[in-house]
Amino acid sequence: MRRVWLWLIVVVLVAGSAGFVLWKPTGGNASDQAYRLGSVDRGSITASVRATGTLNPVTTVLVGSQLSGQVVEILADYNTPVKEGQVVARLYAEQIKSRRDAALADLAQAKADLDTKRAQIDKARSALQRAEAQAADLRAQRERTQAQLEEARRGSERQTQLNTRAVGTQTALEQARTQVDIQTANLASADAQIASNQAETLGLKADLALAEANVKSAEAIILQRQAKLRDIEIDLGRTEIKSPVDGVVVKREVELGQTVAASLSSPTLFTVAQDLSEIDIYANIDEADVGRLKEGQKVSFTVNAYPNRTFDGRVRMVRLAAQTVQNVVTYTAVISVRNQDQALLPGMTANLQIITDEREDVLRIPNAALRFRPAITMAATEARDGTPDEQTPGRRPRSQDAQAGNGEGRGAAPHGQGPRRRPRGEQAGSIEDEGTRARIYRVGPDGNPQPLPVRLGVTDGAYTEILRGDLQEGAAVIVGAPRADAANDTNGATNRRPRPPRMF
């Protein structure tokens, strides 16, 4: 029996020792730090907006054909430098040349008709001048006949007086009266000739007016045929496809022998980039960030073709037209880039960083400090009113990520934006209105998190500027939750997680 009891005691001791070794608590020492801490320091903060965009030439010209026809010659290809007015392709032009020759012949005929009608004008003017001269002669003859008639009448009166006194002869009286009758007839004849001349003159004037109208008609026909000839010559010129600008051909969309049809719209044959020494980037900016973009802001970007090279540019404009895709609203920012070495090519994708604000030697804290919320405070709040972290009635719940997700949210200034709310009674523009209100935590004298209100400035996603707050450079702030092996429960007891049994 003594041996049995001895063996039982040995077994109990071995089992107790093994249990103590296997189930020994894994908690750390009391001196272990309960929270992960970060320090307040001074440094630079660069607030930026990240986006992607596509490289495009500043000016892209689509070279097309305004004329339908077959392509008989191609004088430019991809990457061909071209000058303004340089011929890059030709269309079949023989039919248009035949139309031009016919138009030239019609124009020559119209000019000959004009010369004929002008000669008719000259002839009509000559006839009119003769008629006017004849009218002057007839008037002179009438005046002479009138004078002779007056003389004959005076002679007749003298003979009548002589016969009354029985001095004259009857024969002389009759002759005097005959002369009066003759001159009277001559005067009537002169009047008739004058009237006939006047009628002829009117007819010649009408002929002259008709000839002048014919000349104007001939001149109008000439203008019409000249316009037709110019139209044909324009079509003939359009058979030569020319570059409208200096640049380089970036795309060719026509083949030799192809027939282009320009009945409804001008087909595009070539795409010419005017100047690739300067290039634009069209970047899609989210509506939440577009308010921070200003003209002239610096931009740095990379392209996949040169992953180890950084390019620079500047914001030239933000287009007002918005684009909505699947309820996401974006705006297009145009960024100007100098491309002297022609390394950047149209169509490349640029990964952009637009610098919206830069601060040097400012007091800053890690953004993790803005995301930290003590678990005790959250549990107490939920137990009090059933709402998550620090929610009050009428206020929307706030998650830890909403406090400073990616260094933003209510706890951090979203990339340098101003405050979202002003305390009641505070005046706009006062010092209290500066920055965004937030709350961070530091370890209090009792070892528990102690809240500290601060005002935040710009952030770069990793650090946030401290505008105001009871913080000094080098101060420690809580950036992480308690460690599992050092967390204390609400009763002050140590919660230690037993480690699993050792298998060897």
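Just a yes or no: is a residue in segment 458-467 part of a helix (DSSP H, G or I), modelled with pLDDT under 90 and among the aliphatic types (A, V, I, L, M)?
No, that holds for no residue.
If you go through segment 128-166 and keep only what is assigned to a helix (DSSP H, G or I), among the aliphatic types (A, V, I, L, M) and surrounded by fewer than 16 Cβ atoms within 10 Å (Cβ to Cβ), you end up with Ala133, Ala136, Ala140, Ala147, Leu162. As a summary of the residue check, Arg90 satisfies the conditions (1) part of a helix (DSSP H, G or I); (2) surrounded by 14 or more Cβ atoms within 10 Å (Cβ to Cβ) except for the one numbered (1). Checked against the criterion of being touching a Leu at 6+ places or on another chain (Cβ under 7 Å) and modelled with pLDDT of 90 or more, the candidates Leu75, Leu114, Leu107, Leu67 yield just one match: Leu107. Tell me whether segment 61-75 contains one or more residues that are touching a strand residue (DSSP E or B) at 6+ places or on another chain (Cβ under 8 Å) and farther than 30 Å from Gly247 by Cα. Checked segment 61-75: no residue is touching a strand residue (DSSP E or B) at 6+ places or on another chain (Cβ under 8 Å) and farther than 30 Å from Gly247 by Cα.
Taking the condition of being under 28 Å from the mean Cα position of the chain (by Cα) and either of a type in the set (Ser, Thr, Tyr) or not in a loop (DSSP other than H, G, I, E, B) (or both), how many residues in segment 251-262 meet it? Walk me through how you get there before you give the answer.
Narrowing segment 251-262 to residues under 28 Å from the mean Cα position of the chain (by Cα): 251-254, 262.
Those left that are additionally either of a type in the set (Ser, Thr, Tyr) or not in a loop (DSSP other than H, G, I, E, B) (or both): 251-252.
So the count comes out to 2.
Among Ala140, Ala112, Ala93, Ala108, which is of a type in the set (A, V, I, L, M, F, W, C) and touching a residue at least 12 places away in the same chain (Cβ under 8 Å)? Please lay out each step first, then the result.
Details: Ala140 fails: touching a residue at least 12 places away in the same chain (Cβ under 8 Å); Ala112 fails: touching a residue at least 12 places away in the same chain (Cβ under 8 Å); Ala108 fails: touching a residue at least 12 places away in the same chain (Cβ under 8 Å).
Criteria check complete, one pass: Ala93.
Just the residues that are within 29 Å of Leu276 (Cα to Cα) and among the aromatic types (Phe, Trp, Tyr), please, taken from segment 66-105. Scanning segment 66-105 gives a single hit, Tyr78.
Applying the set (1) hydrophobic (A, V, I, L, M, F, W, C); (2) surrounded by 15 or more Cβ atoms within 10 Å (Cβ to Cβ); (3) more than 27 Å from Val88 (Cα to Cα); (4) touching a helix residue (DSSP H, G or I) at 6+ places or on another chain (Cβ under 9 Å) to Ala283 leaves exactly one unmet item: (4). For Ala206, the conditions (1) of a type in the set (A, V, I, L, M, F, W, C); (2) touching a residue at least 12 places away in the same chain (Cβ under 8 Å); (3) loosely packed, with under 14 Cβ neighbours inside 10 Å are fulfilled apart from (2).
From the residues in segment 438-448 that are farther than 16 Å from Asp41 by Cβ and modelled with pLDDT of 90 or more, which one is farthest from the chain's Cα centre (by Cα)?
Looking only at segment 438-448, we keep the residues that are farther than 16 Å from Asp41 by Cβ, and these are 438-439, 441, 443-448.
Still in the running and modelled with pLDDT of 90 or more: 438-439, 441.
Working: Ala438: 42, Arg439: 45, Tyr441: 50 Å.
So the residue we want is Tyr441.
Going through (1) over 30 Å from Ala481 (Cα atoms); (2) touching a Ser or Thr at 6+ places or on another chain (Cβ under 7 Å) one by one, Asn308 falls short only on (2).
Here Asp181 does not qualify as in the same structural domain as Arg144 (by TED's automatic domain parsing), in contact (Cβ under 8 Å) with a residue 40 or more places away in the chain and of a type outside the set (Lys, Arg). Which pairs have Cβ atoms under 6 Å, sit 6 or more apart or on different chains, and link a residue in segment 151-166 that is free of Cβ contacts under 8 Å to residues at least 60 places away in the same chain to one that is β-branched (Val, Ile, Thr)? Note: pairs meeting the criteria are Ala152/Val180; Arg153/Val180; Ser156/Val180.
Condition test on Leu276, is it outside any strand (DSSP E or B), under 30 Å from Gln342 (Cα atoms) and touching a residue at least 60 places away in the same chain (Cβ under 8 Å)?
On the way: outside any strand (DSSP E or B): yes; under 30 Å from Gln342 (Cα atoms): yes; touching a residue at least 60 places away in the same chain (Cβ under 8 Å): yes.
Spelling it out, Leu276 is indeed outside any strand (DSSP E or B), under 30 Å from Gln342 (Cα atoms) and touching a residue at least 60 places away in the same chain (Cβ under 8 Å).
Among the residues that make up segment 236-257, is at least one of them among the polar types (S, T, N, Q) and crowded, with 18+ Cβ neighbours inside 10 Å? Looking for residues that are among the polar types (S, T, N, Q) and crowded, with 18+ Cβ neighbours inside 10 Å, one finds at least one in segment 236-257, hence yes. Taking Gln175, is it surrounded by 14 or more Cβ atoms within 10 Å (Cβ to Cβ), without any contact (Cβ under 8 Å) to a residue 24 or more places away in the chain and assigned to a helix (DSSP H, G or I)? Yes; evaluated as a whole, the condition is true for this residue.
Between Ala192, Ala209, Ala172, Ala188, the distinction of being out of contact with any Asp or Glu (no Cβ under 7 Å at 6 or more places or on another chain) and farther than 30 Å from Ala131 by Cα belongs to Ala172 only. Filtering segment 352-388 to residues that are of a type in the set (D, E, K, R) and modelled with pLDDT of 60 or more leaves Asp357, Glu358, Arg359, Glu360, Asp361, Arg364, Arg371, Arg373.
The values are calculated or read from the model by the stated rules, or taken from the named source; none is laboratory data. Since we're looking at a predicted model, the values are computed, not measured. Ideal geometry is used to build each Cβ from the backbone, glycine not excepted, and the neighbour counts take in all protein chains shown.
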